[in-house]
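Have a look at this one.
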Protein chains: 2
Amino acid sequence: MEVIKYPVREDWPSLAKRPALDVTTLFDTVRTVLDEVRKEGDVAVKWYEEKFDKVTLPELQVSEAEIQEAHALVSEELKQVIRNAKDNIEKFHASQRFTGQKVETTPGVTCWQKAVAIEKVGLYIPGGTAPLFSTVLMLAVPAHIAGCKEIVLCTPPNKEGKVHPAILFAAETAGVSKIFKAGGIQAIAAMAYGTESVPKVYKIFGPGNQYVTAAKQLVSLKDVAIDMPAGPSEVEVIADGTATPAFIAADFLSQAEHGVDSQAMLVTTSEEIVTPVMEAIRQQLSVLPRKEITEKALEHSRIIVLVTEQEVIDFTNMYAPEHLIIQTANYVYIAAQIENAGSVFMGPYTPESAGDYASGTNHTLPTNGYAKAYSGVNLDSFIKKITFQEITAEGIKNLGGTIQVMAGNEQLDAHRNAVTTRLNIL
Amino acid sequence: MEVIKYPVREDWPSLAKRPALDVTTLFDTVRTVLDEVRKEGDVAVKWYEEKFDKVTLPELQVSEAEIQEAHALVSEELKQVIRNAKDNIEKFHASQRFTGQKVETTPGVTCWQKAVAIEKVGLYIPGGTAPLFSTVLMLAVPAHIAGCKEIVLCTPPNKEGKVHPAILFAAETAGVSKIFKAGGIQAIAAMAYGTESVPKVYKIFGPGNQYVTAAKQLVSLKDVAIDMPAGPSEVEVIADGTATPAFIAADFLSQAEHGVDSQAMLVTTSEEIVTPVMEAIRQQLSVLPRKEITEKALEHSRIIVLVTEQEVIDFTNMYAPEHLIIQTANYVYIAAQIENAGSVFMGPYTPESAGDYASGTNHTLPTNGYAKAYSGVNLDSFIKKITFQEITAEGIKNLGGTIQVMAGNEQLDAHRNAVTTRLNIL
């Protein structure tokens, strides 16, 4: 962990650098798998499951019996909290529903927008030692509320060919239509192109390793939309002298444990909190099971001391963190100055893990500075807005002249004729 | 123009095929230009302007004097209609402003979204014989309303090194900050990476030829967001026996004149209108100045006769047209069934050219079936929504247990500790 005190502005960009990986180097490998799944369908998916996940699958789709079995295997306690988190995510995302208003821009010319759900969406949930059922909720709950008709989920099975019961329970609770045992590039390909058993979807969501990221990027070039470009997870904590060092340390470490390429940043004007925070990190780290991963992530994490609060705000908007935690006396004021961030956590009792799991906000957020242009996943991600317009005879009389002159000046005579033909009979 | 009567459903997908080009074959060429502009900045942009646009540019930026000069060169009539169109576009896009509401998902846990403008955006306006000032309005007006601080516009100059005065007038009217003489791949590169004179932006908008499209796709992989993937323009007209053949023909031709790869489709249950429509197309086409282009586009345009209205609706939602014109007696009913389209034009007096120019809706729309997952450009395209949350001591007591159990089950102990550390002192 680097501590940088009072850097000059010219050095800020290098301090805002991420340990991001360029996945374009993987494109050739990824393209091979994509092409085979497009051509061979289920056969290719099964073949790659055997190759990469070391499992022979008679069927890709998770059966009704397996889903029922999962019910019995998940503890009541876990079921209860999954339902609680689902309710909060549902409440917050339901509040984001859009109703377009009709606008008469010129007498007789009425325009409006209508939100319509994307009919078929695909959710990718990575495998690994721990079951990421929280990501199932974060993607499937808004898809369901938005009204997506087909919600497809792909996740790699374990070596016994099983999907973790908590994933299955969360998927069923959130309204997933079909679950498939498929991971990595082959899963993305299956959802992008469709196979005999996996439906083709129109938009793919979800995190994954660098191969999944590369596959999503490649299919997004022409076959399907994706949620957003992905990079390693990151947090910035803004703190002042009133902050509790143990809270800052805990938030730092909860980011760092995600993976060796995670990044945590503390940005402060209070030089005096640096030592207590570092001490708290040392103490808390020593008892963590994921200590090794966490220590690696801390290597490219930073504590940056700046002179003024305005510098802290400027640095933050330049860094554009995925997660921003503000633990200062005036956190409401600072939050109001934030222009680039994925999700902002305000005050001493608002840890990032609240938003990661259960407060209701989404945890699929723009990393790698993408918060300058992208929103995190929200209800909008599962709909598109179609514009409608209706023009009366009166309306085309009022607006027709404008259209005719504009079309004429753009030398598009047929565009002009489409108006003239109508005005001629009125 | 092909006429297909009563095709079976299995044949529909082939009837919905577009003459779309695969731009990935251009990636190697495009990457070379991108890389040079990234390394060499203005020098490379000027070099490629000399090579591709045959013009030597001492300065890339359009000067204040040139903008003033444009004022004198644009007719009062054109100025007036540009202002009229701008007012309508402004009215409609201003109605799309978003205000997030605070939601208390659990007592003491409050979440909300806030819309913040993307600070720097880049608009690309293609060159050619006709000045596309309408596209300037469609991109710059919502960017300005959204509150984007820097609105950069790139467009190729003519061989005298000048930008068309109507482009400059529209840009100034709509609130563009800086205009640069640069076209093609080098313009996209300049905005994606920044040069000595062109600011780096966070999102790039606008149409272009296949090289521009390929360049936008490549830079979108890691450097900058883009509006949407682009393809040739297209229209579908739904008509019944009550429709006026001359209107259908005019709408057909106004789409076809865009370019040789444009596509127009008429989908109807009324076999009796086919001959009158074809006759009207023949008549109107004969006097069009862009007759040759238009005829080429008609080669892959189609008239499809279906049995039932439900088939017409199903076909339309499968085709997912960029523009959809509905000229039937029950156009309100049919419009309500549309799930996949970019922009819908309802009734006899609502030609597509109204939305192309002046009614207020945006004309930058998803082509190539992308309407299944993408919206057209709208106010959302220029903002991102940041989520905020504030949890009180009471709130973390209420929600903490849920977070702890979920984090524990995902084996993320530091995530759990971030809650435990806080609960311990409460």
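The values are calculated or read from the model by the stated rules, or taken from the named source; none is laboratory data. On a predicted model such as this, the values are computed, not experimentally measured, just so you know. With ideal geometry, Cβ positions are generated from the backbone for all residues, glycine too; neighbour counts draw on all protein chains shown. Calculation scope for accessible area: heavy atoms of the full protein, side chains included, ligands and nucleic acids excluded. Shrake-Rupley method; radii C 1.70, N 1.55, O 1.52, S 1.80 Å.
Could you pull out which residues in segment B:224-263 have an amide N less than 13 Å from a spot 7 Å beyond the Cα of B:GLN283, following the Cα-Cβ vector?
B:244-250
Could you work out, residue by residue across A:251-258, how many beta carbons of other chains sit within 10 Å of that residue's beta carbon, and then give the average as an integer? Mind dumping the intermediate values first?
Working: counts 6, 2, 6, 10, 3, 1, 6, 3.
Average neighbour count from other chains, rounded to a whole number: 5.
So how far apart, in nm, are the two label points at A:ALA130 and B:MET318 if each is 7 Å from Cα heading toward Cβ?
A separation of 4.6 nm, rounded to one decimal place.
Here's something else I'd like to know. Given the peptides B:264-275, B:229-240, A:404-415, arrange them by the average over their residues of other C-beta atoms within 10 Å, most packed first.
Values: B:264-275: 20.0, B:229-240: 24.2, A:404-415: 22.3.
Ranked from most to least packed, the peptides come out as B:229-240, A:404-415, B:264-275.
Per residue of chain A, what 222 nm ellipticity follows from adding -39500 (n - 2.57) for every DSSP H run with n ≥ 4, rounded to the nearest 500?
Values: 17 runs with 191 residues, N = 426.
Helix contribution divided over all residues of chain A: -13500 deg cm²/dmol.
Here's a follow-up. Not counting ligands, DNA or RNA, and with a 1.4 Å probe, what is B:HIS71's accessible surface area in Å² rounded to the nearest 10?
60 Å²
What percent does the relative contact order of chain A come to when contacts are Cα pairs within less than 8 Å and at least six residues apart?
Relative contact order here is 21 percent.
What is the distance in Å between the Cα centroid of segment B:349-426 and that of segment A:108-130?
Result: 12 Å between the Cα centres.
Expressed as a whole percentage, what fraction of the accessible surface of chain A belongs to carbon and sulfur atoms when a 1.4 Å probe is rolled over the protein heavy atoms? All intermediate terms of the calculation are to be shown ahead of the outcome.
On the way: 7590 of 15140 Å².
With neighbouring chains kept in place, the figure for chain A is 50 percent.
Moving to a separate point now. With just the Cα atoms of the protein assembly as shown, tell me how far they stretch along each of the three principal axes, in Å, largest first.
Principal-axis extents of the Cα atoms in the protein assembly as shown, largest first: 83, 66, 47 Å.
Under the definition of partner shielding as Cβ atoms of other protein chains within 10 Å of a residue Cβ, what is the mean value for peptide A:337-348?
Numbers: counts 0, 4, 8, 6, 5, 3, 6, 7, 5, 5, 7, 6.
Mean shielding count: 5.
Given a cut-off of 32 Å, name the pairs among A:LYS291/B:LYS203; A:LYS159/A:LYS291; B:LYS86/B:LYS291; A:LYS5/A:LYS291 whose C-alpha atoms lie farther apart than that in the structure shown.
Result: A:LYS291/B:LYS203 exceed 32 Å.
Turning to a different aspect of this structure: How far is the Cα center of segment B:173-225 from the Cα center of segment B:263-288, in Å?
About 39 Å separates the Cα centre of segment B:173-225 from the one of segment B:263-288.
Within 10 Å of each Cβ of B:223-231, how many other protein chain Cβ atoms are there on average?
Working: counts 1, 3, 7, 1, 0, 1, 5, 0, 1.
Whole-number average of other-chain Cβ neighbours for B:223-231 is 2.
Related question: Can you tell me which of B:242-248, B:195-201 comes out highest on packing, and rank the rest after it, using the mean Cβ neighbours within 10 Å?
Final packing ranking: B:242-248, B:195-201.
Hey, got the Cα dimensions of segment A:166-215 along the principal axes, in Å, largest first?
Rounded to whole Å, the extents work out to 30, 25, 18 Å.
Determine the total buried accessible area between chain A and chain B, counting protein heavy atoms only with a 1.4 Å probe; round to the nearest 100 Å². Don't skip to the answer; put the middle values down first.
Details: alone 20450 and 20410 Å², together 30230 Å².
Summed over both sides, the interface buries about 10600 Å².
Per residue, how many Å² of accessible area does segment B:325-426 show with a 1.4 Å probe? All intermediate terms of the calculation are to be shown ahead of the outcome.
Numbers: 2510 Å² over 102 residues.
Here the per-residue accessible area is 25 Å².
Note down the net charge around A:GLN411, summing +1 for each Lys or Arg and -1 for each Asp or Glu among other residues with Cβ under 11 Å from its Cβ.
Values: positive: A:ARG416, B:ARG290; negative: A:GLU410, A:ASP413, B:GLU257.
That sum, taken over residues with Cβ under 11 Å, equals -1.
Please give the net charge around B:ARG282, taking every other residue with its beta carbon less than 14 angstrom from that of B:ARG282, where Lys and Arg add +1 and Asp and Glu add -1. Please list the in-between numbers first.
On the way: positive: B:LYS291; negative: B:GLU279, B:GLU295.
Charge balance near B:ARG282 sits at -1.
Once you sort the root eigenvalues of the Cα gyration tensor of segment B:135-197 as a ≥ b ≥ c, which label holds: rounded (a/c under 1.5), prolate (a/b larger than b/c) or oblate (the other case)?
Because a/c hits 1.5 or more and a/b fails to exceed b/c, segment B:135-197 counts as oblate.
Further, regarding this structure: What accessible area per residue comes out for segment B:245-302, rounded to a whole number of Å², with a 1.4 Å probe?
Working: 2240 Å² over 58 residues.
Result: 39 Å² of accessible area for each residue.
Now for a different question. For Cα pairs less than 8 Å apart in space and 6+ apart in sequence, what is the mean separation divided by the residue count of segment B:155-218, i.e. the relative contact order in percent?
It rounds to 27 percent for segment B:155-218.
If Rh is defined by the Kirkwood formula over all Cα pairs and Rg also comes from Cα, what ratio Rg/Rh do you get for segment A:101-250? Write out the running numbers ahead of the final one.
On the way: Rg = 19.4 Å, Rh = 17.4 Å.
Ratio of gyration radius to Kirkwood radius: 1.12.
Work out the FRET efficiency for A:GLN337 and B:LEU15 from their Cβ-Cβ distance, taking R0 = 45 Å, and round it to the nearest 0.05.
Using R0 = 45 Å, I get an efficiency of 0.25.
Can you give the accessible area per residue of segment A:196-237, in Å², using a 1.4 Å probe? Can you show the working numbers first?
Numbers: 1130 Å² over 42 residues.
Here the residues of segment A:196-237 average 27 Å² of exposed surface.
Taking 23 Å as the cut-off for C-alpha to C-alpha distance, list the pairs among B:LYS149/B:LYS178; B:LYS91/B:LYS222; A:LYS79/B:LYS114; A:LYS39/A:LYS181; A:LYS222/B:LYS372 that go past it. Write out the running numbers ahead of the final one.
Working: B:LYS149/B:LYS178 11 Å; B:LYS91/B:LYS222 34 Å; A:LYS79/B:LYS114 32 Å; A:LYS39/A:LYS181 19 Å; A:LYS222/B:LYS372 13 Å.
As for pairs spanning more than 23 Å Cα to Cα, those are B:LYS91/B:LYS222; A:LYS79/B:LYS114.
Taking the Cβ of B:ALA182 as the centre, find all other residues whose Cβ is under 9 Å away and add up their charges (Lys, Arg: +1; Asp, Glu: -1).
Numbers: positive: B:LYS46, B:LYS181; negative: B:GLU49, B:ASP53.
Summing Lys and Arg as +1 and Asp and Glu as -1 gives 0.
Let me know the shape class of chain A, please: from the alpha-carbon gyration tensor, a ≥ b ≥ c as square roots of the eigenvalues, rounded when a/c is under 1.5, otherwise prolate if a/b is greater than b/c, or oblate. Mind showing how you got there, number by number?
On the way: a/c = 1.92, a/b = 1.22, b/c = 1.57.
Since a/c reaches 1.5 but b/c is at least a/b, the shape of chain A is classed as oblate.
Still on this structure, I have one more. In percent, what relative contact order does segment A:167-276 have, based on Cα pairs under 8 Å that are 6 or more apart in sequence?
Values: 117 pairs, mean separation 20.9, N = 110.
Relative contact order here is 19 percent.
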